[in-house]
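A short worksheet on the structure shown next.
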Amino acid sequence: MTTPFTNPFLPWPKVRHYEAIPADGNLEEYQRNLAKDTAYILTHANYDEAKAGALPLPPLLADPDTGRAIHSPGEWPALRQKHRENLERILYGKLPPLPQASHWEILQEKEVFQGTCLMRIVRLTLENQGRSHQATLLCHIPRRPYPVPAIVALNFQGNHACTPDGDVPLSPWAQLSAHSRGAQANRWDFRLLCDAGFAVVTCAYYDFYPDHVLGRAQSVFRLFHPQEELTPRDRDYTAISAWAYGYSRLREVAAAFPEVDPAQIWAHGHSRLGKTALWTIAHDDQWAGAVSNCSGCGGAAISRRNYGESLECIDHVFSWWTTGNCRPYAEHPETLPFDQHTLLALAAPRPVLVTGAREDQWADPMGQFIAVLHAQEAYRLLGRSGLPSTEHPPLGELLMSPSQGYYERYGIHDVTDEDWRNTLRFIRQSR
């Protein structure tokens, strides 16, 4: 099969740099070699739509092994399970099992926003076979006489970076506490969301898997595996599955709050966490829906397109995000038994909003839109409506049905108030 991936990935031999990390964890050579590869990859990515290619996607409603098509809703669960197993085996790996015990305690609580909202700091503790793992949650809950919907989302720089509030403790992770207080407050408009009647629960993604090549040993996987099984080579235990696990543990805490409606808790994620939100909802049927913001390759964007970030780039540069089985498929994405429309379809019939940004071509907004269009088959099979149009919407226009949504806004790879307002619009009309 002719593919659009005609240029060599690297002009020098591709080496698994993570395999050469010495036992003492010295990353100097690893970082130097990977930086050289990454610089080449970034400067040679394709952004010409004419060169992106148009490889056919695997049929969503056909068994990837036999090719037999399904025609009724009753046949979907078995096919969905096979799709999920393929995504697990090749791309994301298995989620950790449930711990033997889980409990949480409120560390701090106060009124904010002139008494219209409650800010709550919660410590979550997971225990298994004598080991414990903790995460700290930052919660904003509007004061209402009835249970409210909630948005659950991991954050990148620590809870303290989401707000300038000096009462929010600094992250215990040195890599995150180095970020100043309120450094990413522009991404977290808690006032807007609480005024709209939505609770927000967030937590640093490092609390479940530190986002670097040695992060596996400090991740939530340590509850279930000895340290010798959590090296950079142990790629079955991926960051994206650990973060997805974290999302569901946060959902459980939010669902236990008397102020929150447990049937209306949504997973929200940006960038690599947008990939995670989609994988989360594929595993946990208790979510009301998901919002995937600028998730790109490995998230909502089609892998068979040669545009922006590639699956081979993810597998090489971020080896802890994907399984060891991914490499041959990443080098030849046309051989995948699925594509990212399959991941989107695993959420059906629950609603999913996918977003892009004009200046974030690395995340391939058009590839995301194509995936949304092709995921419609599963929704329609289950009696739900797809998008109201197959035409890419004008910039800034939210194209949506109660089951699916897509828009591309002006701007960069970020989370903006425009994103939150569109998220609120989508959730409200989907309920």
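The values are calculated or read from the model by the stated rules, or taken from the named source; none is laboratory data. Everything numeric here is computed off the predicted structure, so don't read it as measured data. Cβ coordinates were reconstructed from backbone atoms using ideal geometry, including for glycine residues, and neighbour counts include every protein chain displayed. The protein model used for the area step is the full one, side chains on, heavy atoms only, and it has no ligands, DNA or RNA in it. Shrake-Rupley method; radii C 1.70, N 1.55, O 1.52, S 1.80 Å.
For region 208-230, indicate whether the set of residues that are out of contact with any helix residue (DSSP H, G or I) (no Cβ under 6 Å at 6 or more places or on another chain), under 16 Å from Leu273 (Cβ atoms) and not in a loop (DSSP other than H, G, I, E, B) is non-empty.
yes
Need the failing condition index for Val122 against (1) open to solvent by less than 30 Å² (accessible area, probe 1.4 Å); (2) farther than 18 Å from Arg251 by Cβ; (3) in contact (Cβ under 8 Å) with a residue 40 or more places away in the chain; (4) not basic (Lys, Arg), just the number.
Evaluating Val122 over (1) open to solvent by less than 30 Å² (accessible area, probe 1.4 Å); (2) farther than 18 Å from Arg251 by Cβ; (3) in contact (Cβ under 8 Å) with a residue 40 or more places away in the chain; (4) not basic (Lys, Arg) leaves (2) as the failure.
Mind checking which residues of region 67-96 are over 22 Å from Pro328 (Cβ atoms) and either open to solvent by 60 Å² or more (accessible area, probe 1.4 Å) or charged (D, E, K, R) (or both)?
Result: Arg68, His71, Pro73, Gly74, Glu75, Pro77, Ala78, Arg80, Gln81.
Can you find a residue that is polar (S, T, N, Q) and open to solvent by 70 Å² or more (accessible area, probe 1.4 Å) anywhere in region 56-66?
yes
Name the residues in region 254-271 that are open to solvent by 30 Å² or more (accessible area, probe 1.4 Å) and in a strand (DSSP E or B), would you?
Matches in region 254-271: Asp261, Pro262, Ala263, Gln264.
Of all residues in region 345-375, which are open to solvent by less than 10 Å² (accessible area, probe 1.4 Å), assigned to a helix (DSSP H, G or I) and in contact with a helix residue (DSSP H, G or I) (Cβ under 9 Å, 6 or more places away or on another chain)?
Ala345, Ala363, Gly367, Gln368, Ala371, Val372, Ala375
Give me the residue from region 155-187 that is more than 18 Å from Val415 (Cα to Cα) and part of a helix (DSSP H, G or I) and, out of that set, most open to solvent (accessible area, probe 1.4 Å).
The selected residue is Gln175.
Could you say whether any residue in region 18-41 is in contact with a Ser or Thr (Cβ under 8 Å, 6 or more places away or on another chain), under 22 Å from Gly324 (Cα atoms), open to solvent by less than 70 Å² (accessible area, probe 1.4 Å) and among the hydroxyl-bearing types (Ser, Thr, Tyr)?
Checking region 18-41: at least one residue is in contact with a Ser or Thr (Cβ under 8 Å, 6 or more places away or on another chain), under 22 Å from Gly324 (Cα atoms), open to solvent by less than 70 Å² (accessible area, probe 1.4 Å) and among the hydroxyl-bearing types (Ser, Thr, Tyr).
All but one of (1) closer than 28 Å to Ile412 by Cα; (2) within 15 Å of the chain's Cα centre (by Cα) hold for Ser248, so report the exception by its number.
Failing condition for Ser248: (1).
State whether the residues of region 25-34 include one that is hydroxyl-bearing (Ser, Thr, Tyr) and closer than 27 Å to Pro4 by Cα.
no
For Leu373, which of the numbered conditions (1) over 21 Å from the mean Cα position of the chain (by Cα); (2) more than 30 Å from Phe190 (Cβ to Cβ); (3) without any contact (Cβ under 8 Å) to a residue 40 or more places away in the chain fails to hold?
Leu373 satisfies every listed condition except (1).
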